[in-house]
Every structure is written in C-alpha cells, then in structure tokens.
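The next block holds one structure in the form of structure tokens; read it before the comments.
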Amino acid sequence: MSGAPVPLLRRRAVRLYLSAQLLGSSGLWMLRMATDWLVLELTGSPAAVGVLVALQFLPLLVIGPYGGVVADRHDKRRLVLVTQAASAGVAAALAALTLADAVVVWHLYAASLVLGLITAVEMPARQALVSEVAGQSSLQATISTNNALHQGGGLVGPALAGIVISGVDQGLAYGINALVCLSVVALLGAIRPSELERAPVVPRARGQLREGVRFVTDRPRLAAVMVLAGFMGALGLNGPVVFAAFADGVWDSGAQGLGLYNSLSAVGALGGALVAARLRHVGPRVVLLGSGLFAVTETAAAYMPTHASFVVALVAVGAATLFFLTCAATFVQLAAAPSLRGRVLGLYSPLLMGGHACGALLQGWLAEHLGVRHGLAVTGGLAALATVGVAIALVRVRRRADVEALPEPVAQAR
C-alpha cells in the first residue's frame, strides 16, 4: 500500500479503530447472512430477501443526508458509540426471538428497518471519523486499509455464519453479533479524544444540508462519481439476493454454499481493495475503470456453466466491486472539505446504499421473472450502460472546462 499503512499502525487510535472495524464487519456479515437465509427458509422467495435488503437501506434515502448534518454538528466518535450500542440491542432481540423459535418474517423486516435507521446516522459519522483517526495526510491509505479490513470481516463472518447456521441455529449468530457490537463500543471508547485530529464541529444553523448539496453540485467530477456510485449501488451491490438465489435455486448448495459464495467474493474484494490501496492517485477515470470491470465480471458470472467456474468468477466480481468502492470512497472523501465531510458523505451513502435497496428489489424481481442467471446478466448490462453514460458526461464536462480556460477569442472560435 505504498508503504503508508505501517506508520499508520504505530498510532494507538488507528490500531483501535481498525480492530473495531474488523470485528464490526465480521459481525455484520454474520448477521446479514443469517437473516438472508432465515427469510429464505421462512418464505422460499428470493424477492422476500430483496424486500429485507431494501428495508435495511431505504432509510438512508430518507434521512441519510440529515445523518450527515448530524455528523458535522456532533462528536463523531460519540455518535458511532451510541449507534453501535443500539445495534447490539437489535441483535440481542433477534437472538432471543430466534432461540425461542418465535421469530416470524415481520420480525426480521422490522429489525432490518430499525437497523437501517441506525445506519443512516452511523454511516456518515463512522466514515468521517476515519479522517480524524488518521489525519488528512494519510487519508487515502487509511480508507483503503479500512476497506480491506472490512472485507477481512467478510471472510470471517460468512464462513463462521455458515458453520453456526448449519450446525446450531441462526439465533447463536445473532447473539455473537450483539457481543461483537459491544466489543466495538469498548474499542472505540478506548480512543482518547486527544488522539484524534478533530474536524471542526459546525454550529447548528439553517441551510446546512443545502450547503452540502451546493458543494457537490458545484464540482461536476465529484457529482459524477457520486451519481455513478448510486447506479452501482442499485446494479452491483446485490450479493445477498444473488448468492441466496444461486445457493437455493441453481447449485442447491444450501447455507454452506451461501457462506462459501460470500467468503470467495470477499477474497476477491480484499484483493481489489489492496490494489486500490497501492494507487498513488485516484481520479474519476480510475473509478470508471472499476465500474466497467464490475459490469463485465458480473455478466460473465451469470452464465458460468459449472459450480467451480461460478465460484472462481465470484472472486473476480468481488475484486472489481471493492476496487470501485475503494476508489470512489477515496475520491469523495478527499474531495470533501473537512467541515463539510459529514454532509458530503451523508449524500454519498444514501446514493450508494439507497441504490442498493432499490437494486435488491430489482434483482429479486428479475430472479423470479427471468431466472437467476438472466436476471444477473441484465443488471450487469445496465451497470455497463451506467458506466458509459457517466463517462460521456465527464468528457463533456472536461471539454467545457477546456473551452472556458482558453482566451476569449479562441474560445469563441471553438
């Protein structure tokens, strides 16, 4: 990673933060996999899994931008502590219902909606906290390391969840997640305020959300990357629906297969994050490269003829996905002014994850009406169209800027 993470890890606050990220990611992947599989067991419908994922992320579309305003107005570490404690409570409630054999589908839907509301506040605060932990000068390396560890949790969580679900019960997976959330609270709580390079806390005032929107719209390259993230969220981040549908309806591999697919995708994602971390410069062209690679690999994965070739393709899909996500997140965070970072991320996260919610519904509908393979190929093709469309828009922006930069007579001649 260009040698940057080594000095980062010498800082106590960074070690605590990244340890919390690895634990939290492992628990989150376990909870999501357990819930996806439980809904599929209760309903037998991939579309029901799509509804579940939508409920997790649709709140971001409604209150996500205001979550960014809250992050800029308050202590970001404290916000993350409160939201992680609330998540632990939700996981504990699901554990109790499942172990008592009293859980029904609406319980899972309600819990997913509550977790979505919590995430809408937690996500921009947690992402903005990265810059306070590491400092502006090391932000790119920290974001990449953070994403790599998130995918490390994606290796541990699904694998452990597959063992727990097939050998014991989903309820135990929820119980472990509650303990993990409390561990995250303990780790982040151990970071001393003096160890943080705090961004300025913005006093409460009217028009702060509009100020964040104006900051983005005044920067066409930033706006283009954020729009592309929204498209990719809708068309690309559909793993829960796709993996469950392939495990149940194509390869008949069950919960262990679902865990395998998540884990192999995370292996590729870890590689994609590490490649992105080695880049010295991240711009819109690199982000477009990532989205284009994703479109190609997802379409190819849809028609892999054997189980072995399918799981290999998942590694490539995971690598392309995390390469795109890491580069896009890095570009957005570096482009945001420190005093506006929460609000910019409060707009970026709803576009990415809110698109994910809509995409989950779309993917579930396509899987039921076109079949799993054709449905996945359609979303891959749409991702390619989105990439081309944003690329054309960026070319026009650049040409307009070139003309405006010319002396007036020459610009008129052009």
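The values are calculated or read from the model by the stated rules, or taken from the named source; none is laboratory data. Fair warning: this is a prediction, and the values are worked out from it, not measured in the lab. Positions of Cβ are backbone-derived with ideal geometry, glycine not excepted, and every protein chain shown enters the neighbour counts.
Details
- The residue pairs whose first member lies in the stretch 7-26 and is part of a loop (DSSP other than H, G, I, E, B) and modelled with pLDDT under 85, whose second member is surrounded by 15 or more Cβ atoms within 10 Å (Cβ to Cβ) and not hydroxyl-bearing (Ser, Thr, Tyr), and whose beta carbons are closer than 8 Å, counting only pairs six or more residues apart or on different chains, are Arg11/Val133; Arg11/Ala134; Arg11/Glu195.
- Elements of type helices (runs of 4 or more DSSP H) in the stretch 281-352, at least 3 residues being among the small types (Gly, Ala, Ser) and modelled with pLDDT of 85 or more: 284-302, 307-335
- Residue under evaluation Gly89, criteria (1) at pLDDT 80 or above; (2) surrounded by 17 or more Cβ atoms within 10 Å (Cβ to Cβ), criterion not met: (2)
- Scanning the stretch 191-202 turns up no residue that is assigned to a helix (DSSP H, G or I) and modelled with pLDDT under 80.
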